[in-house]
Amino acid sequence: ETGVTQTPRHLVMGMTNKKSLKCEQHLGHNAMYWYKQSAKKPLELMFVYNFKEQTENNSVPSRFSPECPNSSHLFLHLHTLQPEDSALYLCASSQDASGRFNEQFFGPGTRLTVL
Amino acid sequence: KQEVTQIPAALSVPEGENLVLNCSFTDSAIYNLQWFRQDPGKGLTSLLLIQSSQREQTSGRLNASLDKSSGRSTLYIAASQPGDSATYLCAVRWWNYGQNFVFGPGTRLSVLP
């Protein structure tokens, strides 16, 4: 595997379900990001992890819970979501979030539908 | 609040044309700016990253320029091809805005054979 991978690619869940999105980067990077892309809206940054520490939380509701066990893996745990949370969730990585080397590389995304 | 805009929202050109996509941003104190392309339903592909100290970057048929004083970047695509059809996004990071990249809404490009 190369680059940034995300699983699952598609997810349908009810409002009472609990699910997790997984992201893995094979680029040796130290920063990882979660973004949300809704129809008709610009890409929105949700969370940033730099060297496994959360450095940005863009006022994301607590029903989204990120986890970064190491620099290569990032999870987004989902519980009691709302239909308006349906979107494409994109993961990205960069060498470093705080320095010049923050060119971001994206995964293919997880298409989430909340019923 | 920092904002990024992109005009036009959509553009349709015949194959072979040279074209320019525009990105405008509030506040000239940017750290860097990155251009991406996104195919429908897919992730983003990085095209070019321009640091605040640079005026332009080139990769193949693509050239991105940066004019901080006017708050603008342009992406020039030479000799467009149908395979260039995609949505083009620019993202800006500012010195005083944490580690956020703020994305523009994108320009949807269609190159007709």
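The values are calculated or read from the model by the stated rules, or taken from the named source; none is laboratory data. The structure displayed is predicted, hence computed values, not measured ones. Backbone-built Cβ (ideal geometry, glycine too); neighbour counts: all protein chains shown. Surface accessibility is based on the protein's heavy atoms, side chains included, excluding ligands, DNA and RNA. Shrake-Rupley method; radii C 1.70, N 1.55, O 1.52, S 1.80 Å.
A compact table of results
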| quantity | calculated |
| --- | --- |
| Spatially proximal lysines relative to B:Lys68 (Cα-Cα < 23 Å; intrachain offsets below 8 disregarded) | B:Lys1 |
| Residue of A:Ala87, A:Ala39, A:Ala97 that the Gaussian network model of chain A assigns the largest fluctuation, springs spanning Cα pairs under 10 Å | A:Ala39 |
| Proximal lysines to B:Lys42, defined as alpha-carbon separation beneath 19 angstrom and excluding residues fewer than eight positions away on the same chain | A:Lys22, A:Lys36, A:Lys40, A:Lys41 |
| Summed buried accessible surface, chains B and A, 1.4 Å probe, nearest 100 Å² | 1800 Å² |
| Charge dipole magnitude, Cβ of K and R +1, D and E -1 - chain A, Cα centre, debye nearest 20 | 360 debye |
| Accessible area expressed per residue, chain A, with surrounding protein chains retained (probe 1.4 Å, Å²) | 47 Å² |
| GNM flexibility winner over chain B from B:Gln38, B:Gln99, B:Gln57 (Cα, springs under 10 Å) | B:Gln99 |
| Gyration tensor over alpha-carbon atoms, the range A:1-112, equivalent ellipsoid semi-axes in Å | 22, 14, 13 |
| Environment charge of B:Glu15, counting only residues whose C-beta is closer than 15 Å and scoring Lys/Arg +1, Asp/Glu -1 | -1 |
| Per-residue ³J(HN,Hα) for the range A:28-38, Karplus 6.51 cos²θ - 1.76 cosθ + 1.60, θ = phi - 60°, Hz, x for Gly and Pro | x, 7, 10, 10, 9, 9, 10, 10, 10, 10, 9 |
| Cys residues of chain A counted as unpaired, since no other Cys beta-carbon is under 4.7 Å | A:Cys68 |
| Per residue accessible area in Å² of chain B, where ligands, DNA and RNA are left out and the probe is 1.4 Å | 45 Å² |
| Evaluated over the protein assembly as shown, the Cα radius of gyration and Dmax, each in Å | 17.5, 52 |
| Loop trypsin sites (Lys or Arg not before Pro), the range B:10-113 (other Cβ atoms within 10 Å of the site Cβ: 11 or fewer; DSSP) | B:Arg55 |
| Two-decimal ratio, the range B:31-113, of alpha-carbon radius of gyration to 2.2 N^0.38 Å | 1.11 |
